[in-house]
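In what follows, a structure is listed as structure tokens, so that the remarks can point back to it.
We did not get these values from a lab; they are worked out from the coordinates using the rules stated. Owing to the predicted nature of the structure, the values given are computational and were not obtained by experimental measurement. Glycine also receives a Cβ, built like all others from the backbone with ideal geometry; neighbour counts cover every protein chain displayed.
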Amino acid sequence: MKNIWSICLLVVALSFVGVCAAEIPDLVGTWEGPDIGYDALEGYYGDGEDNIVTLTITEQRDRLFNGTIAYLDRNETEVVEDLAGVIGFDNRTFYLAEFISGYDMGTIVSEDEIELVYLYDGEMGGVAIDKLRRVAE
């Protein structure tokens, strides 16, 4: 019985080593997809429209990265906003701080697909959900 517990303990310990040593995903590249959301001024937007978000990750060092996000504002003017991000310890979630305003919580769906959930607060607050695909590395 003691040997069985020793083997089980060894298997559990080795599986934690595998989790800790998991390869950090490479997010460098250009990601695009539809921008769908809700805000206090417009209400719901992006359903059936050509609202496209472009996320460009220009540099990544370990779990930290930086780049830009581009989208159309209410006046159909393109906004290009700098950002910085970090990949969570699970190598599946990531977080962005947009330098003009707002935060994104992301999920890495696959090597070439991510999902962003954008949040901004205040009287003119709102949310967006964007499913992006890598279009260039």
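Between D90 and Y44, what FRET efficiency comes out of the Förster formula 1/(1 + (r/R0)^6) with R0 = 25 Å and r the beta carbon distance, rounded to 0.05? Let's see the in-between values first.
Details: r = 31 Å, r/R0 = 1.26.
FRET efficiency, Y44 to D90: 0.20.
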Residue by residue through the range 125-134, which ³J(HN,Hα) values in whole Hz follow from phi under the Karplus form 6.51 cos²θ - 1.76 cosθ + 1.60 (θ = phi - 60°), with glycine and proline marked x? x, x, 9, 8, 10, 10, 9, 10, 10, 6
Extension gain from M105 to E123, taking 0.36 nm per residue of separation minus the Cα-Cα distance: 4.4 nm
Note, the range 56-64: 3J(HN,Hα) by Karplus (6.51, -1.76, 1.60, θ = phi - 60°), whole Hz, Gly/Pro = x, goes 10, 9, 8, 8, 9, 10, 6, 9, 9
Which of the trypsin sites (Lys or Arg not before Pro) found in the range 61-137 are loop residues per DSSP with 10 or fewer other Cβ atoms within 10 Å of their Cβ? R74
So K131 and L64, fully extended at 0.36 nm per residue minus their Cα-Cα distance, gain in nm 22.0 nm
Label point 7 Å beyond Cα of R74 along Cβ direction - residues of the range 104-134 with amide nitrogen under 13 Å: 123-126
Of the options I100, M124, G85, report the single residue whose Cα projects farthest towards the positive end of the charge dipole of the range 82-137 (beta-carbon charges: Lys, Arg +1; Asp, Glu -1). G85
